[in-house]
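The values are calculated or read from the model by the stated rules, or taken from the named source; none is laboratory data. These numbers were taken from a predicted model, which means no experiment stands behind them. Ideal geometry is used to build each Cβ from the backbone, glycine not excepted, and the neighbour counts take in all protein chains shown. SASA here: full protein model, heavy atoms, side chains in, ligands and nucleic acids out. Shrake-Rupley method; radii C 1.70, N 1.55, O 1.52, S 1.80 Å.
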Amino acid sequence: MPTPNQKNRRTIHDEFLRIAGDYAGRTLFRAEGGQGRSYTYGQVAEFVSCFSRSLRADGSMDTPEIGLLSENCPEWCISYLSILAAGRTVLPIDTRLKPEEIRSIVTHARLRTVVVSAALAPILSEMADDLHLISLDDDSPDSWRHLLKSDPEPTLPFHNETAVIIYTSGTTGTPKTVELTHANLLANLEGVRSSIQFDEHDVFLSILPLYHTFEATCGFLTPLMSGATIVYARSLKSKEIIEDLSRNRATVMCGMPLLYEKMYYSFRRKIAAAPWFRRMLFRVLYVLSGILWKLGFKVSRLLFRSLRGRAGMDSIRIFVSGGAAIPSSIARFFNLIGFDFIQGYGMTEASPVITVHRPENIKFGSVGPPLNNVEVRIDSPDEAGIGEIIARGDNISPGYRDNPEATAELVRDGWLYTGDLGRMKDGHLWITGRRKSLIVSASGKNIYPEELEEKLVEHAIVLEAVVFGRKKQGRQGEEVRAIIVPDQQCWDCESSSTKLDEDKINQAIKDAVAEVNSHVATYKRIVGYEIQYEELEKTSTRKVKRFLYQ
């Protein structure tokens, strides 16, 4: 039976019921780019009530976690809310993992119940007989909708402080299991919503995978708690995303840098293909927008209204970029043509947001000020003010499940040690790199590979790059090297395998590296590089697996 203290604790479910009562008739979810099923707040609240009763009666409470394995859809979110309403813990599973990795998580977590989509159910169907699969397919005999019709005996809610556990992919090769409590998530939601204003008039287009904490907090729970509408994109194809944005008059979208980079280059190609007088007009207005921005006047929304309209993006007011760094030149471009393009910084262990730009206070290259309810400090800064970023607040995870050593390293005296390096300036946080990827020269100088990577990808020929340090044989310090993936679309040719094309690519890359080296201190210069034509190996959240390249 819950204790008196447990009864007084706020939960995600409590907050959802309050919002659903205020906006019962308003649309909450739209599927398939707005062309599929839609659900109102009131309908979702009713589904959650029925589904959660069945989940409370299902399985053994000695395994409170329930797995959730599905592509993005409204039913994913209904399941998430129902699991929490039942007093259970959600374990979102990365759909991009290999089947054996998914089965390994289910086994390691000792799951008894998994809510799964029809497409992914075969991965788990051959596992132990005591694994109960609840299908999100309406036609399945194990469909979640069949559970809505059941009316189990009422039971006392089982309250579990842990709302979510997440198996992190990480860029260092060692996954960990992060615990996030209801209090962690609610604190982060309060911090985000007090920093950026959202309301019931907003329409969010959701494109990132919901199992990722960034999308779960910023693209699902934030609009949910604001009375907004969430539309699930049909795919990650740029053309369909633009169509979904336009059709639904979306106002907010969260995305990873790779998506915005593709959008940026699409804009640039269309501008380059326009008649000369339009190109000239764009250049004049863009320069004017930049000058006025520096003077504190944001007139870009007015200056480029027709450009955004032709692109089908005139309804968008905020683009949010997170999950990885984005070149400041791209953030600057989007802001100067009339979008509030904001960046944030965080990590799963912080629920995840630590800092974020405010639309009225954007500094290109930074990741914004801390949330109003989060403290950020630079630990042991060097002479340039750079040190490890540490954070403190109610959004910080209690730690890693069954891993006290890693938890003790992560959280010390209430401070989260992020492993990232940065500095504070004018109230904004500036990221300089990862502590583990730091390169130290023979003279003891610190070199931040992310700085060089950003300069490399500003060249049209460079699709992506990873910079790393390599020990010098028989000498002190590390030398700076890189692996560079060229953008083969820069050439109008059918194949990049001919000798002529390779020569052109090699020379263009050589020129790009030389140009970068000419603008950095001698000790930072890239002394060697390799060209590869395959995409860099990444985690499921699209971060480069640096440990493979060092």
**Q.** Listed residue pairs exceeding 30 Å between alpha carbons, taken from K298/K524; K239/K524; K363/K543; K425/K471; K298/K445
**A.** K298/K524; K239/K524; K425/K471; K298/K445
Q: Compute the accessible area per residue over segment 349-448, keeping the other protein chains in place, probe 1.4 Å, unit Å².
A: 44 Å²
Q. Once a ≥ b ≥ c are taken as the square roots of the eigenvalues of the Cα gyration tensor of segment 172-246, is the result rounded (a/c under 1.5), prolate (a/b larger than b/c) or oblate (a/b not larger than b/c)?
A. oblate
(Q) At 1.4 Å probe size, put H357, H132 in order of accessible surface, largest to smallest. (A) H132, H357
Q.
Report for the chain the percent antiparallel among DSSP-assigned beta bridges with both residues inside it, nearest 5.
A. 60 percent
Q. Any idea what Rg and Dmax come out to for segment 316-428 if you just take the C-alpha atoms, in Å?
A. 15.1, 49
(Q) Placing +1 on the Cβ of each Lys and Arg and -1 on the Cβ of each Asp and Glu in the chain, which of S441, T539, F198 has its Cα farthest towards the positive end of the resulting dipole? (A) S441
Q. Per residue and in cubic angstrom, what volume does the convex hull of the Cα atoms of segment 282-368 have?
A. 94 Å³
Q: Round to the nearest 10 and give me the degree value, 0 to 90, for the angle of helix 276-294's Cα axis relative to the longest principal axis of the chain.
A: 70 degrees
Q: Could you work out how far the C-alpha centroid of segment 302-362 sits from that of segment 412-438, in angstrom?
A: 22 Å
Q) Tell me, in nm to one decimal, what length is gained between D382 and R37 on full extension, where the rule is 0.36 nm per residue of separation less the Cα-Cα distance? A) 118.7 nm
Q: State which stretch of the chain is the longest one without any exposed GluC sites (Glu not before Pro), exposure meaning a DSSP loop state and at most 11 other Cβ atoms within 10 Å.
A: 127-359
Q: Could you please put T407, T107 in sequence from largest to smallest accessible area, using a 1.4 Å probe?
A: T107, T407
Q. If you find the alpha carbon centre of segment 51-121 and of segment 204-224, how far apart are they in angstrom?
A. 17 Å
**Q.** Shape parameters for the chain, alpha-carbon atoms, Rg then Dmax in Å
**A.** 24.4, 76
Q: Any chance you could run the full-extension gain for D394 through W276? It's 0.36 nm times the residue separation minus the Cα-Cα distance, nm to one decimal.
A: 37.0 nm
Q | Solvent accessible area, Å² - R234, 1.4 Å probe, full protein context | A | 80 Å²
(Q) Counting only helical runs of four or more DSSP H residues, what would the 222 nm mean residue ellipticity of the chain come to if each run contributes -39,500 (n - 2.57) and the total is spread over all its residues? (A) -9500 deg cm²/dmol
Q) Dividing the Cα radius of gyration by the Kirkwood radius, what Rg/Rh value follows for segment 232-333? A) 0.96
Q) Percent of accessible area on the chain owned by carbon and sulfur, 1.4 Å probe? A) 50 percent
Q | Taking only Cα atoms of segment 206-249, radius of gyration then Dmax in Å | A | 10.9, 30
(Q) Can you tell me the length gained on complete extension of the stretch E71 to E46, counting 0.36 nm per residue apart and subtracting the Cα distance? (A) 6.7 nm
Q.
Using a 1.4 angstrom probe on the protein heavy atoms only, could you order C254, C73 from most to least accessible area?
A. C73, C254
Q | Length-normalised contact order of the chain in % [C-alpha pairs under 8 Å, at least 6 apart] | A | 11 percent
